[in-house]
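Notes follow once the structure below has been shown.
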Amino acid sequence: TTSRINAIVRDLTVSQGYYMPSRLLSTFVLVFLLAASIGANAEGPSNERLVKINTKGSLVYYSGQVTVSGTIERRTDDDSIEMIGDQVCLFPEKVSAKVIPRGVDDPRDPWFCFSNRIAAMKLLQVPNQKPKGACGYRLEATVKVTDYVADRTESTVFDTARLLQVVNRGAFRNLPCNE
């Protein structure tokens, strides 16, 4: 990195005709490269984003893909099954939540369930049986998703996305029934 900065400083001071003490210019270039690096990491890869492609009633369809980190849950208690069915859902951490599409008029929490539930269970290695003495499973993971669909119906509904890849995952823990 130091040799790269020195080369940039040499090019700027010699070929571009700038006059700035080389130590000050080196600091400027280092700060600029650091800021660019931080900005790139905060936004994620430039080819990763969700773009709105269609709206049909309360459903808003997005194309593209994003990488999301957070808590994945499969709730197996009777109340959860009755409310949303047997789903595998992701609740993004704060930084990842920023890639989940929400309009200014959409106050819902940013979470979604996998539209390809069976494939998601296999990829994430989610146990198929109910845990004894618990109401489901929970793990931390980072995944790539695509085909995001926001369901803006004013009811007990959830957004969906198709799981493409598991980037990394933690160990499963039982989900206590009181949560």
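The values are calculated or read from the model by the stated rules, or taken from the named source; none is laboratory data. Since the model is a prediction, treat every value here as computed from it, not as a measurement. With ideal geometry, Cβ positions are generated from the backbone for all residues, glycine too; neighbour counts draw on all protein chains shown. Remember, those area values only see protein heavy atoms, side chains included, never the ligands or the DNA or RNA. Shrake-Rupley method; radii C 1.70, N 1.55, O 1.52, S 1.80 Å.
Summary table below
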| quantity | calculated |
| --- | --- |
| 155, 63, reordered so the largest accessible area comes first (probe 1.4 Å) | 155, 63 |
| Cβ-based net charge around residue 77, under 12 Å, with every Lys or Arg adding one and every Asp or Glu removing one | -3 |
| Area accessible to solvent at residue 58, 1.4 Å probe radius, in Å² | 40 |
| Those lysines that a straight Cα-Cα span of less than 20 Å connects to residue 144, excepting residues fewer than 8 apart in one chain | 52, 94, 98, 122 |
| Computed lengthening from residue 129 to residue 144, 0.36 nm per intervening residue step minus Cα-Cα distance | 2.9 nm |
| By average C-beta atoms within 10 angstrom, highest first, the peptides 116-123, 103-110 | 116-123, 103-110 |
| Surface accessible to a 1.4 Å probe, residue 172 within the full protein complex, Å² | 60 |
| Heavy-atom SASA rank of 148, 61 (probe 1.4 Å, accessible area, largest first) | 61, 148 |
| Segment 73-166: relative contact order as a whole-number percent, Cα under 8 Å and 6+ apart | 31 |
| Separation in nanometres of the label points that stand 7 Å from Cα toward Cβ, at residue 108 and residue 55 | 1.4 |
